[in-house]
Structures are given as C-alpha cells and as structure tokens.
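Report on the following structure.
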Amino acid sequence: MINKINSLELKRKILHILVGITTLFLLIYNFITPLIIFIILIVGVFVSLLSLKIRIPLISWFLDNFERNKDKNRLPGRGIIFAVTGSLLALQLFEKNIALASIIILTFADPISHLVGKVFGKIKSPLNKTKNIEGHIAGAIISSIFAMFFVHPILAISGSIIAMFFESIVIEIQKIQLDDNLIIPLSAGTIMFLISKFLI
C-alpha cells in the first residue's frame, strides 16, 4: 500500500510535519517571536528568488530533494513560504491558543489527508476529484486531536473540519491559485475565533 505514495511526496509530508512541530515547540517556549518569523519569511523569499538565478549550496540540496519540478521555476520553496506566511498571519490575527491550534492543524491536516487518501482513499471528494473523503476525515480527526492541546474540543474539531473543507477546494484570486498552507491556518483560526467569540 505504501507504494501508492510517491517518494518525493512522502518526504515532503514528513518534512512538513517536522517543520510544523519544531515551529510550535519554539513558539510555545518563546524561543521565537512573530518578529523573528517575519524576518525568516523575508529572508526566505529573498533566498527563494535568488535560487532562481544561482545554486546556493544547502538551499539547492533541499530544493533538489524536496521541491516538485513544477515549482522549481516559479517560486522555489513555495510551500514553506506560504506555511510561514499563514502561521505568521494566524499569530497576528488570533489570540495565542487559537493561533497555535491553527498552526498544529496546518502541521497535521494536509499531510495526513494526503497520505491516508493515497493509501486508503476510495471515495473521491465532490469538491476536488484529486482528493479523497477518507483523507479528509483522517486529516480532520488527527489535527483536531492535536489542536485540543490548545483549545476547547469544539473549537479544535470545528477548526479542523473547516480547514479540511478549504484544503479541498481551489481558491483563485486574479487567476493565481492560493496555496493551502496559507488557507488552512487562516480558515481554521477564523472559525475557532468566531465560535469562541459568539457561541462559547
């Protein structure tokens, strides 16, 4: 069954989870601040654009081993840039517990959804024929369990379900497709904020 998963995608999803967990750890124990994340984002975008022109030793190794071919000529490291942007926006827009829950949903929802969908998926999502219902359900369950470390279970479950809904649809602005690493923490954080503000 594991043969159904492309080795590049498996490496990308594992890296996604490891970077997310590391970021959460650093935020929880105040080793990094939103300002530091913003600086990392600016440097990351600069390095990404620079890597279009020249090979940067360590960066090139990561791009060679973790980047999809279609992204190498657009914006190298696009996924991580959008994940950092989404996390930074969540930290700025929401109270800390909701922001951390949003980041942990981002950390687990998309990779789990992809991996479970590839291995066990049988029912195609009505919202996106490249994704499976089984993957969405697994992504929502696993990410909501982890999000419960930071927020009330109702918020964790709601945030995870909304995140998986938005992860499954394609959102375009001016014919530019928004990355799900940006959409997931913002949609999860928004619904958790609204529920905590008006219903709980």
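Relative contact order of the chain: 22 percent, from C-alpha pairs under 8 Å at least 6 residues apart in sequence. The accessible surface of the range 23-124, taken with every protein chain in place and a 1.4 Å probe, is 69 percent carbon and sulfur. Calculated mean residue ellipticity at 222 nm for the chain: -24000 deg cm²/dmol, from DSSP H runs with n ≥ 4 weighted as -39500 (n - 2.57), summed, divided by the residue count and rounded to 500. Taking 0.36 nm per residue of separation and subtracting the current Cα-Cα distance, fully stretching the chain between HIS152 and LEU18 would add 45.8 nm. Heavy-atom accessible area with a 1.4 Å probe sorts ARG68, ARG78, largest first, into ARG68, ARG78. Electrostatic tally near PHE165: other residues with Cβ closer than 14 Å to its Cβ, Lys and Arg +1, Asp and Glu -1, net -2.
Calculate the length of the line joining the C-alpha centroid of the range 21-35 to that of the range 177-200, in whole Å. First find each Cα centre; the distance between them is then 20 Å.
At the residue level, GLU95 shows approximately 120 square angstrom of accessible surface with a 1.4 angstrom probe and all protein chains present.
Our estimate of slack between PHE31 and LEU75, defined as 0.36 nm per intervening residue step minus the Cα-Cα distance, is 13.0 nm. Taken as entire DSSP H runs, the helices of the chain that both span 24 Å or more between Cα atoms along their own long axis and average -0.5 or more on the Kyte-Doolittle scale are 7-28, 34-51, 96-120, 180-198. The slack in the chain from LEU50 to ILE123, taken as 0.36 nm per residue of separation less the alpha-carbon distance, amounts to 22.1 nm. For the range 1-147, a simple Cβ point-charge model (Lys and Arg +1, Asp and Glu -1, everything else neutral) yields a dipole of about 600 debye relative to the Cα centre. In terms of accessible area, using a 1.4 Å probe and ignoring ligands and nucleic acids, LYS197, LYS118 rank largest first as LYS197, LYS118.
The values are calculated or read from the model by the stated rules, or taken from the named source; none is laboratory data. All figures in this text were calculated on a predicted structure; none of them were measured in a lab. No Cβ is skipped: glycine too gets one built from the backbone with ideal geometry, and neighbour counts run over all protein chains shown. Note: accessible area is taken over every heavy atom of the protein model, side chains too, but ligands, DNA and RNA are not part of it. Shrake-Rupley method; radii C 1.70, N 1.55, O 1.52, S 1.80 Å.
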